[in-house]
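Right, one structure below, let's go through it.
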2 protein chains.
Amino acid sequence: MAAKKAPTTARRKAVPARPRGGAKGRASASVPDLFQVLRGRIASQAIAPGAKLRETELAAEFGVPRTRIRDALAALEQRGLVVREPNRGAVVTRLDLSQVFHIYDLREALEGLAARLATERMPPEHWQKDVALFKGPMKDLIAQGDLDTYIEQYELLRLRIIEAAANPVLAEMLDIIYEKTQVLIRRIIILPGRAEIGRGQHLATLEAMRRGDAAEAERLRREGLRTAKATLEKYQRYVL
Amino acid sequence: MAAKKAPTTARRKAVPARPRGGAKGRASASVPDLFQVLRGRIASQAIAPGAKLRETELAAEFGVPRTRIRDALAALEQRGLVVREPNRGAVVTRLDLSQVFHIYDLREALEGLAARLATERMPPEHWQKDVALFKGPMKDLIAQGDLDTYIEQYELLRLRIIEAAANPVLAEMLDIIYEKTQVLIRRIIILPGRAEIGRGQHLATLEAMRRGDAAEAERLRREGLRTAKATLEKYQRYVL
DNA sequence: GGCCCGCAAAGTGTCAACACTTGTGCAGAC
DNA sequence: GTCTGCACAAGTGTTGACACTTTGCGGGCC
């Protein structure tokens with residue numbers, strides 16, 4: 001409606017001071033910006049699975065031409081976050097049961113690798129404070145039922161391990177399945193006793209890393225993910 | 001002109017005869033088509049690493065509007081096959097040494113997983129003919145120096161294993177690094193004695209699969225890739 | 001003779017209008 | 001009353017044109 005009457009409002013005329021490179025051009029959002037925003041909304045469930053993403057609507061909201069929304073949607077499709085059917089538009093993919101288990105198999109392989117590489121590339125002392133964290137404070141968080149903070153801290157550890165692994169290709173692949181793990185972790189961790197079991201496994205893995213035992217760290221990380229998957233299978237009726 | 005159907009997205013509606021614009025009866029290539037063609041050229045080194053891809057040029061060659069080339073280039077960029085700089089255009093990425101080793105670590109994790117899943121999901125007899133293939137004919141091919149046929153057959157086995165693993169997410173990830181492995185395999189296999197060593201390891205893995213020993217199949221596949229990586233490290237001056 | 005400035009061409013980035021497809025509501029017939 | 005066909009509207013797909021950036025080249029100045 002109002003979209004066509006929008007006066008072009010000197011968006012770029014004679015203001016070359018801000019070439020586009022940056023992330024947060026306040027003039028208008030770039031395609032990567034849009035991608036990140038939409039990705040965040042999908043990951044946080046702000047946009048429910050199955051919801052339709054209308055191009056014109058989004059274009060109006062962000063104040064950008066529809067073409068740019070289109071490019072962002074194409075990127076989301078490549079990442080598997082939305083599905084587009086010709087002339088039907090884009091809808092947020094809902095992860096089905098089989099895909100969930102497939103992702104756990106992937107996590108077992110990828111995060112196991114990450115644990116091994118991180119152990120190999122860092123001096124053992126590097127993990128000292130993480131061992132301490134999981135031994136004490138994290139246990140308290142679980143006991144208090146503050147799972148949000150626990151998950152937040154765990155996510156930070158996860159990022160530190162990925163960074164320490166220093167393998168960009170691996171990081172990229174873990175990033176691809178990030179949104180989905182994000183959702184799954186929150187669903188599994190509320191299962192009875194699961195949080196404490198997970199903490200114990202993380203602690204064991206970290207202690208192996210602190211010993212510099214890369215092979216054992218990989219094995220323990222994989223074992224942890226396998227039991228998580230088993231838990232998910234057992235309780236799938238309640239979780240999904 | 002190789003495969004034109006994109007495996008990931010089924011775009012075709014197949015009914016209407018494309019009444020676009022009137023005159024020409026030529027159906028123009030879709031974005032997935034263009035993606036596949038360009039991907040093939042990059043994988044086969046028909047377009048050298050570092051070469052520039054000019055949009056107007058490609059648009060003229062394929063007889064499609066430039067916008068469509070743009071979308072295809074965006075997809076290639078997401079896959080890491082080209083790098084685009086603003087106003088500078090797209091150039092084919094050249095894989096550097098560190099990335100090569102990173103990819104081998106990934107292959108170890110991913111193809112190991114594929115071997116395990118394939119073993120678990122298929123009856124042991126399913127691999128009988130592959131064992132026979134690697135025991136006899138493949139040995140002859142190497143002895144005759146017909147490495148192209150050998151690689152071709154190996155690629156087919158690789159695809160069968162991935163298909164048997166029945167994990168679409170895993171398949172997608174292996175697909176992402178496909179082009180790069182493609183190039184690397186051809187460089188490693190010409191090293192002295194390497195082809196025969198590789199064959200022996202593939203045979204051992206296949207025999208574990210025929211025994212239904214999934215864990216051992218995974219271990220052997222991983223071991224094979226680790227030695228391949230070691231060979232690459234040893235001879236990197238000659239290969240890269 | 002070398003350096004710098006400015007111009008021009010090539011190529012990329014952006015956009016708004018146009019064409020087509022699909023879903024929906026309404027009217028008419030059985 | 002219900003079903004069927006048609007027409008309209010909403011939304012997506014496509015296209016050519018236009019604006020901006022980079023770069024190579026030539027002329028003028030030091």
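In table form, for the structure just shown:
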| item | result |
| --- | --- |
| B:Ile103, sole failed condition from (1) in a helix (DSSP H, G or I); (2) away from DNA strand D (no atom under 16 Å from the Cβ); (3) outside the structural domain of B:Glu172 (by TED's automatic domain parsing) | (3) |
| Test: residue in the stretch A:154-166 that is more than 10 Å from chain B (Cβ to nearest Cβ), more than 17 Å from the chain's Cα centre (by Cα), in a helix (DSSP H, G or I) and closer than 16 Å to A:Gly212 by Cβ | yes |
| Some residue of the stretch B:98-120 being over 22 Å from the mean Cα position of the chain (by Cα) and within 16 Å of DNA strand C (Cβ to nearest atom) | no |
| Residue within the stretch B:30-49 that is modelled with pLDDT under 85 and near DNA strand C (Cβ under 9 Å from one of its atoms) present | no |
| Residue count, the stretch B:27-71 (criterion: of a type in the set (A, V, I, L, M, F, W, C), surrounded by fewer than 14 Cβ atoms within 10 Å (Cβ to Cβ) and more than 26 Å from B:Gln182 (Cβ to Cβ)) | 2 |
| Subset of the stretch A:167-201 [outside any helix (DSSP H, G or I) and either at pLDDT 95 or above or within 10 Å of chain B (Cβ to nearest Cβ) (or both)] | A:Asn167, A:Ile177 |
| Residue check, B:Val83 within 12 Å of chain A (Cβ to nearest Cβ) and either within 21 Å of the chain's Cα centre (by Cα) or within 12 Å of DNA strand D (Cβ to nearest atom) (or both) | no |
| Tally, over the stretch B:118-136, of residues that are more than 14 Å from B:Gly200 (Cβ to Cβ) and of a type in the set (Val, Ile, Thr) | 1 |
| Any hit, the stretch B:127-136, residues being farther than 18 Å from B:Arg226 by Cβ, away from DNA strand C (no atom under 16 Å from the Cβ) and in contact with a Pro (Cβ under 6 Å, 6 or more places away or on another chain) | no |
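The values are calculated or read from the model by the stated rules, or taken from the named source; none is laboratory data. A quick note: this is a predicted structure, and the numbers were derived from the prediction, not measured. A quick note on method: Cβ atoms are made from the backbone with ideal geometry, for glycine too, and the neighbour counts reach across all protein chains shown.
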